[in-house]
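I have placed the structure first, in the form of structure tokens, so that the comments after it can refer back to it.
Each reported figure results from applying straightforward, stated rules to the coordinates on display, with no laboratory input. Since this is a predicted model, take the numbers as computed values, not measurements. Here Cβ is always computed from backbone atoms with ideal geometry, including for glycine, and neighbour counts include all displayed protein chains.
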Amino acid sequence: MSDLILKICGAAILSAIFILILKKSGSDSVPLLKIAAVILLCGTCVMAFSPIIEYMRSLSDAVGSLSSVSAISVLLKALCVAFLTYICASVCRECGEGGIAYFVELAGKGEIILLSLELIGEIFKVAEKILDLGI
């Protein structure tokens, strides 16, 4: 098991406990602490995912084909959109705005579909070529 995930889980649990203690004492700084914890944990998660991004870049360099680079680029953009919409929707839900969170998630899903349209078109072109060959 990775040490980084243990650190992330530990920081999350400590943040939650600290927030509960402050909430029971009636502190007004609880929302700011929640936001700071989310930003800190989000930054740590981005650092944890950097090896994945580097590996995908090395794959795209090794393959060298334009369509594979395009596919990897779309995949990276879709992952970024998914993470950002999830974090934003979670913050909205935490603030008690479930309706706004729903539309943020809907917009994220729409954006991922828009990013994927070019690849879907390429898949259809390949399928058409395969069907023309009679395979």
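Distance between the 7 Å Cα→Cβ label points at residue 75 and residue 109: 2.4 nm. Compared with the alpha-carbon gap, the fully stretched path from residue 14 to residue 91 is longer by 25.8 nm at 0.36 nm per residue.
When each of 55, 86 is scored by the number of other beta-carbon atoms lying within 10 Å, the sequence from fewest to most is 55, 86. Only Cα pairs under 8 Å and at least 6 apart count here; give the relative contact order of the chain as a rounded whole percent. Value for the chain: 15 percent. Translational diffusion of the stretch 1-48 was estimated from the Stokes-Einstein equation, with Rh taken as the Kirkwood radius over Cα pairs; at 20 °C and 1.002 mPa s the coefficient is 189 µm²/s.
Note on the stretch 64-135: percent of Cα-Cα distances in each 10 Å bin, starting at 0 and stopping at the bin with the largest distance, equals 19, 33, 24, 15, 7, 2. Charge dipole (Cα centre; +1 on Lys/Arg Cβ, -1 on Asp/Glu Cβ; no other charges) of the chain amounts to roughly 440 debye. For residue 23 and residue 46, a Förster radius of 30 Å and the Cβ-Cβ distance give a FRET efficiency of 0.60, rounded to the nearest 0.05.
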